[in-house]
Amino acid sequence: MIIDKPWGKVVTYALNQPSSVRVITVEPGQETSVHYHQMRDEMWVVLDPGLTLQIGNRVVEAKPGDEFMVAAETTHRIANANDARGRVLEIAYGYTDESDTQRLEDAYGRPLEPDW
């Protein structure tokens with residue numbers, strides 16, 4: 001399954017509730033929204049150079065092969081300041097569905113976190 005995003009795309013290779021495997025591609029000069037998930041943890045493996053990861057209050061200039069854990073309810077973002085596409089292998093543990101994405105900041109005009 002391929003989901004196009006304004007900043008790139010997400011390709012899902014295995015999707016189920018215990019775990020899902022996806023490759024997140026961020027186009028040059030683009031970034032994901034600042035967001036979090038309530039029902040899943042994510043493990044990221046950086047595949048390409050030039051990506052900046054924001055996980056909670058931590059900002060990292062990531063290198064290929066770097067691994068990161070993103071706990072549920074932790075805000076995160078991937079930004080690509082490089083001239084080439086940047087990819088991250090994501091292994092998600094828990095409920096993997098776009099409805100579990102709660103945006104706090106978005107440069108593309110998409111809805112932010114709902115007011116419950």
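Structural remarks
- Complete set of residues in the range 101-111 that are in contact (Cβ under 8 Å) with a residue 60 or more places away in the chain and part of a loop (DSSP other than H, G, I, E, B): Asp106, Ala107, Tyr108, Arg110
- Just one of (1) under 17 Å from Glu98 (Cβ atoms); (2) touching a Ser or Thr at 6+ places or on another chain (Cβ under 9 Å) fails for Asp4. It is (2).
- Taking the criterion of being part of a strand (DSSP E or B) and under 12 Å from Arg85 (Cβ atoms), the residues of the range 12-29 that qualify are Val23, Ile24, Thr25, Val26.
- Residue match in the range 17-26 (condition: basic (Lys, Arg), touching an Asp or Glu at 6+ places or on another chain (Cβ under 6 Å), surrounded by 15 or more Cβ atoms within 10 Å (Cβ to Cβ) and modelled with pLDDT of 95 or more): no
- Here Ala81 meets the list (1) surrounded by fewer than 17 Cβ atoms within 10 Å (Cβ to Cβ); (2) in contact with a helix residue (DSSP H, G or I) (Cβ under 6 Å, 6 or more places away or on another chain) almost entirely, failing just condition (2).
Per-residue answers, yes or no, for (1) among the β-branched types (Val, Ile, Thr); (2) under 24 Å from Leu104 (Cβ atoms); (3) touching a Phe, Trp or Tyr at 6+ places or on another chain (Cβ under 9 Å):
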residue	(1), (2), (3)
Val10	yes, yes, no
Leu15	no, no, no
Val21	yes, no, yes
Ile24	yes, yes, yes
Glu31	no, yes, yes
Leu51	no, yes, no
Val59	yes, yes, no
Thr75	yes, yes, yes
Ala81	no, yes, no
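- Residue ranges of strands (runs of 3 or more DSSP E) in the range 46-100 with at least 1 members of a type in the set (Ser, Thr, Tyr) and touching a residue at least 40 places away in the same chain (Cβ under 8 Å): 86-94
- The set of residues in the range 30-45 being assigned to a strand (DSSP E or B) and of a type in the set (Val, Ile, Thr) consists of Val34, Val45.
The values are calculated or read from the model by the stated rules, or taken from the named source; none is laboratory data. Please read all numbers here as calculations on a predicted model, not as lab measurements. All Cβ positions, even for glycine, are placed from backbone atoms using ideal geometry, and neighbour counts span all protein chains on display.
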